[in-house]
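The values are calculated or read from the model by the stated rules, or taken from the named source; none is laboratory data. Remember, predicted model here, so these are calculated numbers, not experimental data. A quick note on method: Cβ atoms are made from the backbone with ideal geometry, for glycine too, and the neighbour counts reach across all protein chains shown. Side chains are part of the model used for accessible areas, which takes the heavy atoms of the whole protein and leaves out ligands, DNA and RNA. Shrake-Rupley method; radii C 1.70, N 1.55, O 1.52, S 1.80 Å.
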Amino acid sequence: MRKPFLSRALAASAFLASLLVGCASIDNAPVNRPSALPRLTPVATMAGDDTLRSTIVALAFSGGGTRAAAFSFGVLKGLSEVEAPGGGAMIDQIRFVSGVSGGSVTAAYFGLKGRSALSDFEARFLYRDAEESLRTQVYSVGNMMRAMDGGVNDRSGLPTWLRNNLFGNATLKDLSRPGRPVVWINASDIYAKTPFVFEPVTFAAICSDWESYPISDAVAASAAVPIVFAPVVVQNWSQKCGFKLPDELEAQAHSRDTSPIVKAYLKALEDYRNGDKIKYVKLLDGGLTDNWGLSAFNVQMAAAREPWRPMTKADAISVSNFQFIVVDAGRNVAGDWTKTLEGPNAQELLDAVADTAVDSAVRSSYEVMRLQMKLWEQRLRQWRCSLSPEEVSQVRGSTEGWDCNAVSIRLDRVSFEDLGTARAAQLGRVPTRFKLAPDQVKMTVDAGESVVRRVFGPKVDERER
């Protein structure tokens, strides 16, 4: 009598398991389109009112969920209030923005909207619950099954929310319009263990159309925390075209002097040519490989044929001050377990391990960036001093006041630490989520404004703007 009952119970269990597996299936089908040619799409390098300035600003927004998005937004607000050397607000001198995870939301929206982003980003994103469309129940059987299958949330979650509430149907092409800064969104290729930068060379390597890729999907890939999110998948179409690394990148890929970060990235681009081996590129949170988003700029400098790149030639002649600002919304280690024999608990341990890996990587990339900037400054001076008076006059109108050596490249990092120990500790308790309390959002935005005023100078007099 027990055998039929046991058989029915096993059958029911199997049926239930099959239902759970069916319910746990994830939607991560690629949305990128193939490109017939490995075409490198030119991108704009002008911003603001397109007037050549003596100051150029580049920004890198770190990861950290809405905390990072709010802090980087506060920095933008602060830059709109601080005067740049040579006149004008610093926000209007921004030519380049790189973003990771939560910072990529701010970077992409500023790239899309420019100064007008200051008027509605808080209402459209920072004070919204971007987790409302996500599966967040830790003890849900379905979520556990999805986690085992690669990730709890798929395209129906964050990418769809970002499209419906923030970016609409905008694509990467919309980030390359004249009058906007160049924007780099950074994810991580978890097979190659390198950054995946949403930019033309990367898409040329997989023979895919860069211009048509949705901004919402790129930002979601940049913010896809492992397990919480399934990997964002990009299809490799390399068999459809004969991509070859540009000569300057090929040389960098095999040079002993190339930094390990750039060399690993270039090797991944070369490996993409083997479409049989790498048919799909799996992407997760950009913070896994570069939480400050510095790799994009390093790669651009490595790829440069001319010493002024990634600026334009006219920018390089006009500029006196190139200011690169790393906006770090990272937190200090939380918990009191260093004061007791017990601890850390499981959550504190996981956070500490993750933070240790991320922080050690960003410190190394920052030092590489500092060295790259110094070398770039030397190359720029040598190139500027090789120009004829006619070339200089063509851009500046005359050679009056021209000093070919008068160009300075500066790399600065701003973080919660700049606001003092007590305030940094308070900000460090803001969680890494896409849903924050209103007072946490306001505090973090205010912190971004405050740190800019403290580090970069007094406000612009509104009567002079």
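Descriptive notes on the structure:
- Residue check for Asp217: farther than 23 Å from Arg379 by Cβ and acidic (Asp, Glu): yes
- Restricting Ile261, Ile278 to those that are in a helix (DSSP H, G or I) and surrounded by fewer than 24 Cβ atoms within 10 Å (Cβ to Cβ) reduces the list to Ile261.
Residues are listed down the side, and each one gets a yes or a no for (1) over 27 Å from Asp285 (Cα atoms); (2) assigned to a helix (DSSP H, G or I); (3) open to solvent by 20 Å² or more (accessible area, probe 1.4 Å); (4) modelled with pLDDT of 55 or more:
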| site | (1), (2), (3), (4) |
| --- | --- |
| Gly22 | no, yes, yes, no |
| Ser25 | no, no, yes, yes |
| Leu59 | no, no, no, yes |
| Thr66 | no, yes, no, yes |
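- Flag for Tyr139 being at pLDDT 95 or above, among the aromatic types (Phe, Trp, Tyr) and open to solvent by 10 Å² or more (accessible area, probe 1.4 Å): no
- Candidate set from the stretch 375-402 (those that are free of Cβ contacts under 8 Å to residues at least 60 places away in the same chain and of a type in the set (Asp, Glu)); member that is nearest to Asn298 (Cα to Cα): Glu377
- Scanning the stretch 264-285 for any residue that is touching a Phe, Trp or Tyr at 6+ places or on another chain (Cβ under 8 Å), at pLDDT below 85, under 27 Å from Gly102 (Cβ atoms) and of a type in the set (A, V, I, L, M, F, W, C) turns up nothing.
- Where a residue in the stretch 315-330 is more than 22 Å from Val75 (Cα to Cα) and its partner, wherever it lies, is in a strand (DSSP E or B) and open to solvent by 10 Å² or more (accessible area, probe 1.4 Å), with Cβ under 8 Å and at least six apart: Ser320/Ser408
- The single residue among Ser238, Ser156 that is farther than 20 Å from Ala68 by Cα, open to solvent by 20 Å² or more (accessible area, probe 1.4 Å), at pLDDT below 90 and of a type in the set (Gly, Ala, Ser) turns out to be Ser156.
- Any pair with Cβ under 6 angstrom, 6 or more apart, that starts in the stretch 61-73 at a residue that is closer than 11 Å to Phe434 by Cβ and ends at one that is charged (D, E, K, R) and assigned to a loop (DSSP other than H, G, I, E, B): Gly65/Arg433
- When Glu390, Glu400 are screened for being of a type outside the set (Phe, Trp, Tyr), part of a helix (DSSP H, G or I) and open to solvent by 80 Å² or more (accessible area, probe 1.4 Å), only Glu390 passes.
- Matching residues in the stretch 99-132 - criterion: being hydrophobic (A, V, I, L, M, F, W, C) and either part of a helix (DSSP H, G or I) or open to solvent by 10 Å² or more (accessible area, probe 1.4 Å) (or both): Val105, Ala107, Ala108, Phe110, Leu112, Ala117, Leu118, Phe121, Ala123, Phe125, Leu126
- Among residues of the stretch 297-332 being within 30 Å of Arg429 (Cβ to Cβ) and modelled with pLDDT under 90, the one that is surrounded by the fewest Cβ atoms within 10 Å (Cβ to Cβ) is Asn332.
- Criterion (in a helix (DSSP H, G or I), at pLDDT 90 or above and open to solvent by less than 50 Å² (accessible area, probe 1.4 Å)) met by exactly one of Val441, Val414, Val430: Val441
- Within the stretch 200-216, the only residue that satisfies the criterion of being open to solvent by 10 Å² or more (accessible area, probe 1.4 Å) and closer than 21 Å to Thr106 by Cβ is Pro214.
- Checked against (1) of a type in the set (Ser, Thr, Tyr); (2) modelled with pLDDT of 70 or more; (3) open to solvent by 70 Å² or more (accessible area, probe 1.4 Å); (4) under 31 Å from the mean Cα position of the chain (by Cα), Thr340 passes all but condition (4).
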